[in-house]
Amino acid sequence: MVVKLDHIGIAVSNLEETLKVYTDLLGMKLHGTETVEEQKVKTAFLPIGESEIELLETTAPDGPIGKFIEAKGQGIQHIAFKVDDIEAALAELKSKGVRLIDEKPRYGAGGARIAFLHPKATGGVLIELCQKD
Ligand code: ZN
């Protein structure tokens, strides 16, 4: 079902400051930033090999990333796997009784179609499925 590790999502308090760790210290290249209003989040993507690091800064305290940092502090928030057909993947998981946060794909940064599985169904990890095409 899943094709590869697409990216790792990391919740940060200050995107500009944390970006320096990945660019200045680790030598990665910033691919671009985007604000996704629907998710109340500003994102930055840094490609590495076939995967990417996604940094996420909240644009409002009540956004999902704001709440995550409030509860757990900064750190890895989700991992994302690429799928070729997100609708088929969600239908299959649903038919197997997997608890989904998103039953239908929604808009993600970079025009991807994304959906989250519930961490209670995955051993505590927030898993994102994403389809980019
Ligand atoms: Zn993501």
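The values are calculated or read from the model by the stated rules, or taken from the named source; none is laboratory data. Just so you know, these numbers come straight off a predicted model, no measurement behind them. Don't worry about glycine lacking a Cβ; one is built from the backbone with ideal geometry, like all the others, and counts go over all protein chains shown. In case anyone asks, the SASA skips ligands and DNA or RNA and just uses the protein heavy atoms, side chains included. Shrake-Rupley method; radii C 1.70, N 1.55, O 1.52, S 1.80 Å.
What pairs from K67/K132; K42/K96; K20/K72; K42/K104; K4/K96 go past 31 Å between their alpha carbons?
Details: K67/K132 27 Å; K42/K96 34 Å; K20/K72 22 Å; K42/K104 22 Å; K4/K96 21 Å.
Listed pairs above 31 Å: K42/K96.
The H on the amide N of D102, modeled in the peptide plane, is under 5 Å from the matching H of F116, each at least 5 residues off or on a different chain.
Excluding the sites themselves, what is the longest stretch of the chain that contains no GluC sites (Glu not before Pro) in a DSSP loop with at most 13 other C-beta atoms within 10 Å? Counting at most 13 other Cβ atoms within 10 Å as exposed, the longest clean stretch of the chain is 51-102.
A simple rule links phi to the HN-Hα coupling: the Karplus curve 6.51 cos²θ - 1.76 cosθ + 1.60 with θ = phi - 60°, which for the stretch 98-106 gives 6, 6, 10, 7, 10, 7, 10, x, 10 Hz, with x for Gly and Pro.
The trypsin sites (Lys or Arg not before Pro) found in the stretch 1-104 that occupy coil by DSSP, while having at most 14 further C-beta atoms within 10 Å, are K29, K96, R99. Here the Gaussian network model covers the chain, with springs between Cα atoms less than 10 Å apart; of L46, L30, L56, L30 fluctuates the most.
The residues of the chain present an accessible area of 56 Å² per residue when probed at 1.4 Å with all protein chains retained.
For the chain, modelled as a GNM whose springs connect Cα atoms under 10 angstrom apart, the maximal fluctuation among I48, I65, I86 occurs at I48. Counting protein heavy atoms only, the chain has 54 percent of its accessible area on carbon and sulfur, 1.4 angstrom probe. Pairwise Cα separations in the chain fall into 5 Å bins from 0 onward with the following percentages, short to long: 2, 11, 20, 25, 20, 15, 7, 2, 0, 0. The sum of -39500 (n - 2.57) across all DSSP H runs of n ≥ 4, divided by the residue count of the chain, sets its helix-only mean residue ellipticity at 222 nm to -5000 deg cm²/dmol. Note on the chain: GNM, Cα springs under 10 Å; of V98, V83, V12, the largest mean-square fluctuation is that of V98.
Positive end of the dipole of the chain (Cβ unit charges, origin at the Cα centre): among L93, Q74, S51, the Cα lying farthest that way belongs to L93. Working note: Karplus 6.51/-1.76/1.60 with θ = phi - 60° gives the stretch 22-37 the couplings 7, 8, 5, 8, 9, x, 7, 9, 6, 8, x, 10, 8, 9, 9, 4 Hz, where Gly and Pro are set to x.
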